[in-house]
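The values are calculated or read from the model by the stated rules, or taken from the named source; none is laboratory data. It should be emphasised that the depicted structure is a prediction, and the values quoted were computed from it without experimental measurement. With ideal geometry, Cβ positions are generated from the backbone for all residues, glycine too; neighbour counts draw on all protein chains shown.
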Amino acid sequence: MTSPGIFLKLTIFVAIIGILVKLWRDLFVDSFRQNVFAIRDELFDYASNGNIAFNNPAYYDLRLAMNSVILYAEKITFARWLLALVVNKYSPDQVAINNWRRMMNSIANLAPEQREYITSVHMRFQAQIGQHMVFKSPLLLLALPVYVIESAVRSALNRAQEKFISKIKIDVIEIEAIKYRKLAEAA
């Protein structure tokens, strides 16, 4: 096979991979939007059943956040999230910080059953965002198993180390007890 033939096959292969990645991302953006729509619909049903007022700041801010995420779902990426963390560390966005604090304070001021429900909805919403960032990025998706395995190994090593240290502590205590017993018997 000639080198132009290899180049053509390689070009076709790269094009197919590019198309598959694009379809993968579009699929997960659509799936993410549907999941957030479902959570938002559940929140709306909760309010329409009279469990919380539509003008309650906790309800309003959470619904507004969901609407924004649905609108800009294709722009939510792990890289942009990391960039936002770095930028906010050195130049905090006071408007976003104040909006976040207002929402958290309004959730804290709810009745216990409302707070529990709104918090659970908020947690599921945040979990959807995290899952979306992972599954939208093929590279991050490939890195996830490595992270999970590394975390499991680290956890197992920490537990083994703790058991070993506790065993040594017990042995040292037993040796000290034997010494004191012998000293007591000798006296």
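Going by the structure shown, is residue 35 in the same structural domain as residue 97 (by TED's automatic domain parsing), within 30 Å of residue 108 (Cα to Cα) and part of a helix (DSSP H, G or I)?
Numbers: in the same structural domain as residue 97 (by TED's automatic domain parsing): yes; within 30 Å of residue 108 (Cα to Cα): yes; part of a helix (DSSP H, G or I): yes.
For residue 35, the condition - in the same structural domain as residue 97 (by TED's automatic domain parsing), within 30 Å of residue 108 (Cα to Cα) and part of a helix (DSSP H, G or I) - is met.
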* Asked: Mind checking whether some residue in segment 140-151 is aliphatic (A, V, I, L, M), over 30 Å from residue 42 (Cβ atoms) and surrounded by 10 or more Cβ atoms within 10 Å (Cβ to Cβ)?
  -> yes
* To do: Filter segment 27-84 for residues that are touching a residue at least 40 places away in the same chain (Cβ under 8 Å) and among the basic types (Lys, Arg) and give the result.
  => 33
* Asked: Only one of 67, 56, 51 is surrounded by fewer than 14 Cβ atoms within 10 Å (Cβ to Cβ) and at pLDDT 90 or above; which?
  -> 67
* Asked: How many of the residues in segment 70-86 are over 27 Å from residue 40 (Cα atoms) and either surrounded by 12 or more Cβ atoms within 10 Å (Cβ to Cβ) or not assigned by TED's automatic domain parsing to the domain that holds residue 41 (or both)?
  -> 0
